[in-house]
1. Among the residues of the range 123-139, are any surrounded by fewer than 16 Cβ atoms within 10 Å (Cβ to Cβ), in contact (Cβ under 8 Å) with a residue 40 or more places away in the chain and hydroxyl-bearing (Ser, Thr, Tyr)?
2. Being hydrophobic (A, V, I, L, M, F, W, C), open to solvent by less than 50 Å² (accessible area, probe 1.4 Å) and part of a strand (DSSP E or B) narrows it down to one residue among Leu118, Leu106; which is it?
3. Might you let me know whether the range 53-64 holds any residue that is modelled with pLDDT under 95, open to solvent by less than 70 Å² (accessible area, probe 1.4 Å) and within 30 Å of Thr113 (Cβ to Cβ)?
4. Is it true that Leu208 is within 18 Å of Ser161 (Cβ to Cβ) and either modelled with pLDDT of 90 or more or part of a loop (DSSP other than H, G, I, E, B) (or both)?
5. Identify, by number, the condition in (1) under 30 Å from Tyr219 (Cβ atoms); (2) within 18 Å of the chain's Cα centre (by Cα); (3) part of a strand (DSSP E or B) that Ala48 doesn't meet.
6. Name the single residue, out of those in the range 32-52 being in contact with a helix residue (DSSP H, G or I) (Cβ under 9 Å, 6 or more places away or on another chain) and farther than 30 Å from Phe74 by Cβ, that is least open to solvent (accessible area, probe 1.4 Å).
7. Name the residues in the range 4-24 that are modelled with pLDDT under 90 and either farther than 27 Å from Asp63 by Cβ or open to solvent by less than 90 Å² (accessible area, probe 1.4 Å) (or both), would you?
8. Please indicate, with yes or no, whether at least one residue in the range 11-32 is touching a residue at least 60 places away in the same chain (Cβ under 8 Å), assigned to a loop (DSSP other than H, G, I, E, B) and not charged (D, E, K, R).
Amino acid sequence: KLAEVGDNEHTVEVQAEDVGGLRSEIARTTFMASTSDPVSALTSPGIAEQVHGVVELVGTSKDPNGIAEVRLSFDNGLSYYLASGTEAWRYRLDTRLMADGTHAVLVQARDSTGAVGLYTTTINIDNRAPELVLDTPRDGQVFTERLRLDGRSLDNIAVTSLAVSITPVAASQGPGRGSLEVPLNSSGILLQELDLQGLPAGWYNLRLEAADRAGNRSYV
């Protein structure tokens, strides 16, 4: 039984002896034993993490016979790409070539005997920045005391942060003039009033910025 000899390379020696006590030459041969398939794991990115752009996949593969190579597939095994490294491996993936959403990742590790172990996990890709629509205020609109924000924020996964900043236009405001930064509710619909009474009169730039879980940002 292979369990009695274990993994790795082994030598078999055979010698025959006749009834007269005459022995043959020793015949030798070697064989490789693999009692288990390689075991792999993707350590980064995490299964709940959202990734975008060029991301480095990092993982490990283990086997008593050692790892000969590791390949990854992103199309359910139709094609495989060689990773850099064996027991500890890396692969740079350009997620911009793939559609947004959850994708299966197949990790195929091969040990020195040719035994193959397959590990399946997923990665979440989000390369699309949030969409921002700001209906109010209009460009150049005049406000006194309070400013009403009216609009909406959309994302194919989720908007994680939304904030507005109001800063004086450098050409028309002197140094030391006030500005305003306010975090907003990122639930989708934007309906909020801002108190302007602490700001000097003049022209201001208003910037609305949103970010999603993958770190994509957009602004108006």
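The values are calculated or read from the model by the stated rules, or taken from the named source; none is laboratory data. All of these numbers come straight from a predicted model, not from anything done at the bench. Glycine also receives a Cβ, built like all others from the backbone with ideal geometry; neighbour counts cover every protein chain displayed. Remember, those area values only see protein heavy atoms, side chains included, never the ligands or the DNA or RNA. Shrake-Rupley method; radii C 1.70, N 1.55, O 1.52, S 1.80 Å.
1. no
2. Working: Leu118 fails: open to solvent by less than 50 Å² (accessible area, probe 1.4 Å).
Only one candidate passes the filter, namely Leu106.
3. Yes, the range 53-64 contains at least one residue that is modelled with pLDDT under 95, open to solvent by less than 70 Å² (accessible area, probe 1.4 Å) and within 30 Å of Thr113 (Cβ to Cβ).
4. yes
5. Of (1) under 30 Å from Tyr219 (Cβ atoms); (2) within 18 Å of the chain's Cα centre (by Cα); (3) part of a strand (DSSP E or B), only one is false for Ala48: (3).
6. Ala33
7. Val5, Gly6, Asp7, Asn8, His10
8. No, there is no match, as no residue in the range 11-32 is touching a residue at least 60 places away in the same chain (Cβ under 8 Å), assigned to a loop (DSSP other than H, G, I, E, B) and not charged (D, E, K, R).
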